[in-house]
1. Principal axes first, then extents: for the Cα atoms of segment B:5-62, list largest minus smallest coordinate on each axis, whole Å, largest first.
2. Can you tell me the relative contact order of segment B:1-109? Whole percent, Cα pairs under 8 Å, sequence separation 6 or more.
3. Find how many whole Å separate the alpha carbon centroid of segment A:42-117 from the alpha carbon centroid of segment B:25-40.
4. At 1.4 Å probe size, with every protein chain present, just tell me what the per residue accessible area of the protein assembly as shown comes to in Å².
5. What residue among A:Gly42, A:Gly63, A:Gly97 shows peak mean-square fluctuation when chain A is described by a Gaussian network model with Cα springs under 10 Å?
6. For chain A, what is the convex hull (Cα atoms) projected area averaged across all directions, in square nanometres?
7. What does the extension gain come out to for A:Asp73 and A:Lys57, with contour length at 0.36 nm per residue minus their alpha carbon separation?
8. Please give the per residue volume of the convex hull enclosing the alpha carbon atoms of segment A:1-58, rounded to a whole number of Å³.
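The values are calculated or read from the model by the stated rules, or taken from the named source; none is laboratory data. Remember, predicted model here, so these are calculated numbers, not experimental data. So basically every Cβ, Gly included, is an ideal-geometry build from the backbone, and we count neighbours across all protein chains shown. Side chains are part of the model used for accessible areas, which takes the heavy atoms of the whole protein and leaves out ligands, DNA and RNA. Shrake-Rupley method; radii C 1.70, N 1.55, O 1.52, S 1.80 Å.
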Amino acid sequence: DAGITQSPRHKVTETGTPVTLRCHQTENHRYMYWYRQDPGHGLRLIHYSYGVKDTDKGEVSDGYSVSRSKTEDFLLTLESATSSQTSVYFCAISESGWQGRVTDTQYFGPGTRLTVL
Amino acid sequence: KNQVEQSPQSLIILEGKNCTLQCNYTVSPFSNLRWYKQDTGRGPVSLTIMTFSENTKSNGRYTATLDADTKQSSLHITASQLSDSASYICVVSGDAGNNRKLIWGLGTSLAVNP
């Protein structure tokens with residue numbers, strides 16, 4: 001998994017509670033991404049970061065916030081979890097992102113399975 | 001609307017057999033096309049990346065083809081192994097200047113049986 005860890009790997013929580021997922025990389029890549037994967041949908045981008053404290057929204061960002069205080073860590077927070085946020089969340093990293101090489105490759109972490117009851 | 005459609009949705013083959021997975025896209029303007037392999041419970045892993053000018057690219061027993069005119073790609077797996085059992089996802093990058101997007105297909109679920 002290309003030096004990417006995600007924690008926790010599994011989490012069950014209740015509606016209305018805050019949840020924070022962590023992504024940690026050892027590759028020193030500039031770009032980091034959070035995706036969610038659900039049946040019937042391709043991977044959908046939630047937020048991404050192009051540097052420390054530099055983040056932007058993806059296509060399904062409502063209900064999520066992110067922070068990146070260090071190159072190696074990218075946090076995804078669900079401020080008040082809802083059942084619709086039950087999903088598998090993947091973190092990914094890449095060297096140059098969309099503004100870089102067209103063949104820039106994203107490397108994915110192992111995923112976090114989140115269940116909101 | 002930019003879309004990526006994959007077929008078949010699922011496929012079962014016997015070990016040692018070949019198979020071909022299809023990807024059709026409507027993404028425009030086109031930048032590149034990627035195939036990822038996703039094992040159950042794991043994150044996707046890149047197999048190939050093809051740009052507009054490339055027709056064929058191989059990675060071991062995996063060979064990807066691209067026809068940019070018809071907006072079709074295929075992934076051919078030769079002499080399948082049990083470890084090839086996975087979901088294979090086609091991803092197309094649209095090139096809108098500085099805001100390239102990745103459009104993910106739903107994947108083809110491949111099961112290789114002994």
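1. Computed over segment B:5-62, the largest-to-smallest principal extents equal 37, 21, 21 Å.
2. Value for segment B:1-109: 36 percent.
3. 19 Å
4. 47 Å²
5. A:Gly42
6. In nm², the orientation-averaged hull projection of chain A is 6.7.
7. Answer, rounded to one decimal: 4.0 nm.
8. Per residue, the Cα convex hull of segment A:1-58 comes to 126 Å³.
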